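Step one of this worksheet: look at the structure below.
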Amino acid sequence: MLLFFRAKRSLRAVCLVVAVALALLPIAGCSTKEKVDTKYIEEVLTERLSALWATVSEDTALTIPEEGTTVFLSLCDRENRAKVAHATSTSLESAWKDAESRARKLAKEQGIVPLWVKADVVTASGPFTADEVAEELARVSDKSFRYGLALDSEMETAFLEQECNANDIYNYKDDKISAEKISEYLGGEIVVLSDVVLFVTQGYFCGTDVMVRKLSADEGDFGVRQIAMNQNTAKALCSLGASYLSWQMQPDGSFRYGYYAGSGDDLGGYNSLRHMGTIWSLVEAYRLDPSDELATVIDKAINYAIENYIVYRDDDTAFVKETGLDALNIGGGGLAAIALSTYKDVFQTDRHDNLLDALGNGILAMSDPETGKYWHRWSPDFIKADEFISVYYEGEATFGLLKLYGQNPRAEYLNMAKKAVDRFILEDYTKYRDHWVAYSVDEITKYVPEERYYTFALKNVQHNMGHIRNKDASYHTVTELLMAGYDTYSRIIKSGAKVGYLEKFDEDAMFEMVDYRAKLGCASFGFPEVVMYFDAPMEMYGCFFARRDNFRARIDDTQHFIGGYAQYAKNDLTPMGDDTV
């Protein structure tokens with residue numbers, strides 16, 4: 001973080017936290033296609049601007065520079081990228097009045113029904129050379145430079161941080177400000193870069209419920225509403241993520257895999273493993289918040305998987321085909337077992353029992369019960385091909401066997417899983433920082449509550465605590481690893497198991513990290529105040545995205561966030577910190 005702004009941000013008071021029921025994505029509101037007359041636009045805008053000004057003008061924690069400030073007003077109809085008006089003046093009130101006048105003119109001229117309106121007030125600014133900005137861009141990861149940009153000291157040509165990152169104005173590949181992208185964003189206007197001004201803002205959002213939310217000004221979750229993180233919040237996030245995944249379903253039961261928010265370009269890489277993982281996350285979301293609509297989506301996705309991905313060697317042995325590689329993949333078999341055994345548990349049905357048994361036999365066929373190793377990939381004619389591809393597959397296969405054991409306690413399932421986990425311990429799989437390994441070790445303690453498994457689960461959290469903290473919000477799988485370890489820890493405490501490693505285990509650090517990562521995950525959620533700056537806001541509305549990869553939105557990104565929040569919702573967690581309710 002730039003030293004100039006570090007001191008400024010330390011003055012920020014803790015943001016007001018809103019109630020969970022009101023904080024999460026209001027869906028109600030008129031479509032821009034229903035009414036576009038000037039009077040209606042004026043009514044909607046007046047309603048939201050009045051609510052925003054009432055909050056901004058009474059915010060005693062808002063710090064205004066002595067020389068004055070700049071106010072930005074972003075207007076979004078939910079279907080198109082937000083348009084932004086701004087104005088600079090010697091006082092907050094005059095800057096607001098000027099910005100409001102420009103916003104009203106903008107809405108009228110372009111026919112914007114401003115269902116989402118966001119206000120940003122500049123709280124600190126300073127001049128920087130292009131070289132200084134380049135140094136900062138080189139220091140940070142993709143899309144994580146959280147400062148607005150002005151091309152002149154008077155702030156005449158200025159862009160919010162969200163505008164800069166959503167439109168590739170900050171070029172992280174070449175570590176520079178992109179004059180070409182600025183020109184493109186301005187509609188072709190020629191731009192010459194020299195010295196610039198960087199600034200930070202305090203944001204406020206008003207949506208279709210006309211409730212104003214003060215946004216975070218911290219670097220990790222900058223520009224995102226602050227909500228109370230508790231079990232109800234986690235449950236709501238899972239439900240919203242499941243709704244997003246449901247919207248991605250195609251008519252045949254497959255899913256649209258993903259896209260880049262800025263460009264809208266579709267992503268390749270959809271395969272059977274990601275389809276199976278998505279089913280599992282949907283079932284876990286259904287467990288927390290069941291609905292007939294979600295059940296229909298789940299069944300359709302399962303039917304698609306059965307018709308397109310399941311391959312039988314004989315009546316009793318089934319595998320999962322790895323899409324596009326003409327191979328059988330043990331990770332896919334593990335994920336199918338996880339998804340369908342969870343489905344059996346949640347829906348209390350024997351509909352897929354024969355397939356579950358066949359998948360279990362398929363995983364066992366690709367396993368070595370003497371060494372605890374797996375063959376990761378077989379050829380289509382059931383010949384051993386690749387012994388190792390990814391550590392993920394080993395955790396998925398082991399977790400799959402244990403989920404199958406929970407539904408049908410065959411000794412072969414548990415014996416192979418034990419051999420695999422014993423190998424994880426012997427070869428110190430904590431070094432892989434793998435969430436699937438964490439899931440499998442957590443699961444085995446339900447059936448084999450032995451100290452070595454408990455100890456490994458705790459070590460997996462302890463040894464990776466720094467890694468978990470330092471990864472940004474979009475590294476979703478670290479939250480799954482953490483929560484799986486927390487689940488094991490809770491089982492130790494509740495059962496009174498004797499685990500010597502507890503004396504070395506930093507429980508306080510784990511509790512703090514659970515709270516921290518759960519809150520940080522909201523910075524990768526498609527809240528309106530975030531998605532309004534992309535070309536098609538409603539496509540990102542409600543998803544989880546990877547900011548570090550150009551705001552990538554993939555179904556497996558949302559899957560993993562649901563996985564972490566589902567565990568949070570199921571555990572008996574007490575909210576921590578002075579900014580929760």
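Okay, here's what the table says:
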| item | result |
| --- | --- |
| Matching residues in region 256-272 - criterion: being surrounded by 22 or more Cβ atoms within 10 Å (Cβ to Cβ) and either in contact with a Phe, Trp or Tyr (Cβ under 7 Å, 6 or more places away or on another chain) or over 24 Å from THR296 (Cβ atoms) (or both) | ALA261, SER272 |
| Members of region 299-349 found to be at pLDDT below 95, surrounded by fewer than 16 Cβ atoms within 10 Å (Cβ to Cβ) and either on the phi < 0 side of the Ramachandran plot or touching a Cys at 6+ places or on another chain (Cβ under 6 Å) (or both), listed by number | LEU325 |
| Region 131-174, residues that are aliphatic (A, V, I, L, M) and under 27 Å from LEU73 (Cβ atoms) | VAL133, LEU149, ALA150, LEU151, MET155, ALA158, LEU160, ALA166, ILE169 |
| Selection within region 444-466 - open to solvent by 10 Å² or more (accessible area, probe 1.4 Å) and touching a residue at least 40 places away in the same chain (Cβ under 8 Å) | LYS446, TYR447, PRO449, GLU451, THR455, LYS459, GLN462, MET465 |
| First in region 297-310 and more than 10 Å from LEU282 (Cβ to Cβ), second anywhere and at pLDDT below 95 and open to solvent by 40 Å² or more (accessible area, probe 1.4 Å), Cβ under 8 Å, 6 or more apart | TYR309/THR323 |
| Verdict on ALA99 being more than 15 Å from LEU160 (Cβ to Cβ), assigned to a helix (DSSP H, G or I), open to solvent by less than 10 Å² (accessible area, probe 1.4 Å) and not charged (D, E, K, R) | no |
| Residue within region 367-376 that is in a helix (DSSP H, G or I) and of a type outside the set (Ser, Thr, Tyr) present | no |
| Condition met for VAL437 (within 22 Å of LEU364 (Cβ to Cβ), open to solvent by less than 70 Å² (accessible area, probe 1.4 Å) and at pLDDT 95 or above) | yes |
| When residues of region 209-220 are limited to those that are in contact with an Asp or Glu (Cβ under 9 Å, 6 or more places away or on another chain) and surrounded by fewer than 18 Cβ atoms within 10 Å (Cβ to Cβ), the one farthest from VAL140 (Cα to Cα) | VAL210 |
| Residue that is most open to solvent (accessible area, probe 1.4 Å), among those in region 493-530 that are of a type in the set (Phe, Trp, Tyr), closer than 23 Å to THR233 by Cα and outside any loop (DSSP other than H, G, I, E, B) | TYR516 |
| Candidate set: region 44-82, residues that are open to solvent by 30 Å² or more (accessible area, probe 1.4 Å) and β-branched (Val, Ile, Thr); chosen: the one nearest to GLU539 (Cα to Cα) | THR46 |
| Filter result for the condition that a residue is in a helix (DSSP H, G or I) and open to solvent by 10 Å² or more (accessible area, probe 1.4 Å), over ASP572, ASP557, ASP487 | ASP487 |
| Matching entry among ALA119, ALA95 (being of a type in the set (Gly, Ala, Ser) and under 31 Å from the mean Cα position of the chain (by Cα)) | ALA119 |
| Residue within region 531-549 that is among the β-branched types (Val, Ile, Thr), buried (at least 22 other Cβ atoms within 10 Å of the Cβ) and under 15 Å from the mean Cα position of the chain (by Cα) present | yes |
| Matching residues, region 377-408, being under 13 Å from ASP434 (Cβ atoms) and not in a helix (DSSP H, G or I) | SER390 |
| Leading residue by the ranking (farthest from PHE399 (Cα to Cα)) among those in region 368-386 that are open to solvent by less than 20 Å² (accessible area, probe 1.4 Å) and in contact with a Leu (Cβ under 9 Å, 6 or more places away or on another chain) | TRP378 |
| Strands (runs of 3 or more DSSP E) enclosed by region 239-322 - at least 3 residues per element that are closer than 23 Å to GLY563 by Cα | 258-260 |
| The lone exception for TYR172 - which of (1) under 23 Å from the mean Cα position of the chain (by Cα); (2) surrounded by fewer than 20 Cβ atoms within 10 Å (Cβ to Cβ); (3) within 29 Å of LEU62 (Cα to Cα) it fails | (3) |
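Listed here are the residues, each with its yes/no results for (1) within 26 Å of ASN550 (Cβ to Cβ); (2) surrounded by fewer than 18 Cβ atoms within 10 Å (Cβ to Cβ).
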site	(1), (2)
ALA166	yes, no
ILE177	yes, no
GLU189	yes, yes
SER194	no, yes
GLN202	no, no
GLY207	yes, no
VAL224	yes, no
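The values are calculated or read from the model by the stated rules, or taken from the named source; none is laboratory data. What you see is a predicted model, and the numbers here were worked out from it, not measured in a lab. Cβ atoms come from the backbone with ideal geometry, glycine included; neighbour counts cover every protein chain shown. Note: areas computed on protein heavy atoms with side chains; ligands, DNA, RNA excluded. Shrake-Rupley method; radii C 1.70, N 1.55, O 1.52, S 1.80 Å.
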